[in-house]
Amino acid sequence: MGCCVPSKESREPIRYDPNFNGPIHNRSCTDILWLIMFILFLGAWGYVGYYSMTRGSVDKLLAPIDSRGRRCGLDSGLEEKKYLIFFNIAKCLAPGTPITGCPTTQVCVSQCPDKTVLFKKELEQNPTAFEQIKMNMVCTEDVNLQTMTYSQAIQYIQEEKCASFVLQSQPVLYRCIGDLSTLQCKDTSKTTPWTESTGETCVRNPEDAQKSLLNRATALDSYVGWIAASWVTFFTRNERETHVLSSQIVQDLVQSRWYMAGALVAVVLLCFIYILLLRWVITPVVWLSIAGLFALMGFAIYLCYKNYEYYKANPVGLYQTTNLKGYAQSIFAKYETWLVILIVLAVLLLILFLVVVFLRSRITIAIALIREGSKAVTSIKSTILFPIFPWIFQCAIIAYGILVLMFLLSIGESAFRVVNLRNDTTCSCNGVYTEEGAPCNPLTFVEKCHDTSSVGGLLPCQLASCHFTGIDNPQIVIYMQLVNVLGFFWAMFFISGVADMMLASTFSTWYWTFHKNDLPFFTLTSGIYRTLRYHLGTVAFGALIIAIVRVIRVILEYIDHKVKKFDNPFTRCMMCFCKCMFWCLENFLKFVNKNAYIMCAVHGKNFCRSASDAFSLLMRNILRVVVLDKVADFIFFLSKLLISIGVGFAVYYLLEWNYVYEVTKGERLHYNYVPAVILSIATYLICTIFFNVYSMAVDTLFLCFLEDCERNDGSPEKPYFMSKNLMRILGKRNKKTT
């Protein structure tokens, strides 16, 4: 960044240039070396992807886990059993499955069933065929099918040591998935595995069947939810204490999914309406937005006060705090909690009120600047939809980065350790494995380790096993991970920077067009062309700087995670200081980059010269930067906050309204605040997407406005390019020719 130090020339005010009328057309390519480096790095990143995909195997990461925590196809004794089968897949239709996992016995098998067999029913109806039936039964490993008797089979089915039925299945991510429609019956006089497992009655027609399934989840949602559950089971196994709470939350989300989808569409329309209001009636909209935010915060303070009074007058007993729900109830049932929230909200409200009072005159100027941005956006309407294309590219980058990460994680030799040997007193390995946690080979473990209490001592150990503990990655994979992380962030910031420069070129053209009616039709297209033709190297350089800082922050997070076991006040202080410093550095560099892109889009200079000119221009007008540009950002933040909080309150109280349930014939939700909070967050993200174009327009016009004030003086020879309304607020005017 030494090349970006402002020179003496750049520290001086911009001089008048009679030939300047906006983004220059005669420009040359900038920072070509950095573009070449970026292209070469993309090639290296592509090689990393090729290397990982040819040498890695995601199958190692996708291996399913049975009820004993062993990985199918990897752990000892399961090398030939790659697939996972569920004893009662109907239980996987429970709403809490995506969070808690499927609550049924799961075992590894060599292949998925090729036909549907109702073992319990056939055993009860035809006991004589027991010998033929039992060889097809699916049971846990502690069951010996060879010596199992008829009475034992019935008992094992009741104890869920053996499956009561199996469905004709196909492997999906190594999980045996059957046709769930076979669980329904056509005759109400009969029962099916579905009715046995859930206790529901049979139905005659598809409509009733669909209604029965919808009470738990639709068939499609359950199918997708099961796949999600298999991923969750693979990555983590949640504590059973949260089962009830998570099930109720998921059930609420499933039940309200269509309402939430409709609400998101309404939010998009609301954003469009708000943007139109900013164009035509911005002054009352901004002041009403600020007043509305104050009203919402005042209402929140009132609710906190009422809860404070209630819980102080009616103290509650102790709650069970061994689960998340009880812990939350124990906190929010204390009047001290509501008192703290009330004080925090009151202080925030007071601070916001004082900021608005002291900056009210500057807010008026910021409103005029936002009006200029609104005019620019509505004059070039294609800019509203422009962010869709960068989002598509960024989604592709995210998908590629995650895919390469998974393949890299799977490169290397599988590591196995002896587990449960200490707890399995009847397991003997003939001296080969004697210590808990020792490295092992699954094939050797199967050959040498047996249960001494079994007949002949030939059965496998009951508890001890050679367990798959992970993959030992070679050293080169670590370096490739760094390349993948750097490539991911560099590409993401590059796409974002290209989009910013394209918009900056577009909006600066609008500002420096003296008669706005003379604006070229292909303004956005020209901005896109200039960026792609001349300035990709500049964006690559700026994106690399931020990407390096972001990689450092990721490494700091990794180090912080690793040193948790050595946690002490000194290390916590040092890590907090480092993370805070690099967070501030990244945000400062983003600010510099954005303004450098704007100056480059206007004047066509390289990154260092553009960053130097932009920084000097901002420093010469530091007061205006603080009270105008940042006030505009503050107004955008208040607007997003108003819309998101307003949607959250509206959804919550709408779900409290009895009329809604009378019309929709739906069941009441357990927790109305869950959809409300989710929609509030989604609303804020959607608003951010829409307002990003506005923010870029305001930042570009603000920099052009500062340059306009330095370059021109309002005389007939040097007229201002800013709008008449902005000149009126600033007390400036263009003098007429005498």
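The values are calculated or read from the model by the stated rules, or taken from the named source; none is laboratory data. Keep in mind that this is a model prediction, so the values were computed, not measured. Cβ sites come from the backbone with ideal geometry, for glycine too, and all protein chains shown count toward neighbours. To get the accessible areas, we keep the full protein, side chains included, count just its heavy atoms, and leave off ligands, DNA and RNA. Shrake-Rupley method; radii C 1.70, N 1.55, O 1.52, S 1.80 Å.
Odds and ends about this structure:
- Report note on the peptides 290-302, 682-694: ranked by the mean count of other C-beta atoms within 10 Å, highest first, their order is 682-694, 290-302.
- For the range 26-79, the solvent-accessible area of protein heavy atoms averages 49 Å² per residue (probe radius 1.4 Å; ligands and nucleic acids excluded).
- Protection proxy ranking, peptides 373-382, 541-550, average beta carbon neighbours within 10 Å, highest first: 541-550, 373-382
- Projecting label points 7 angstrom from Cα along Cα→Cβ for T54 and L145 puts them 4.2 nm apart.
- Sequence ranges 342-352, 699-709, 50-60, ranked by mean other-Cβ count within 10 angstrom, highest first: 699-709, 50-60, 342-352
- Share of carbon and sulfur in the accessible area of the range 524-647 stands at 72%, probe radius 1.4 Å.
- Length gained on full extension, Q152 to E309: 50.3 nm, using 0.36 nm per residue less the C-alpha separation.
- Rounded accessible area per residue of the range 530-626, 1.4 Å, Å²: 49
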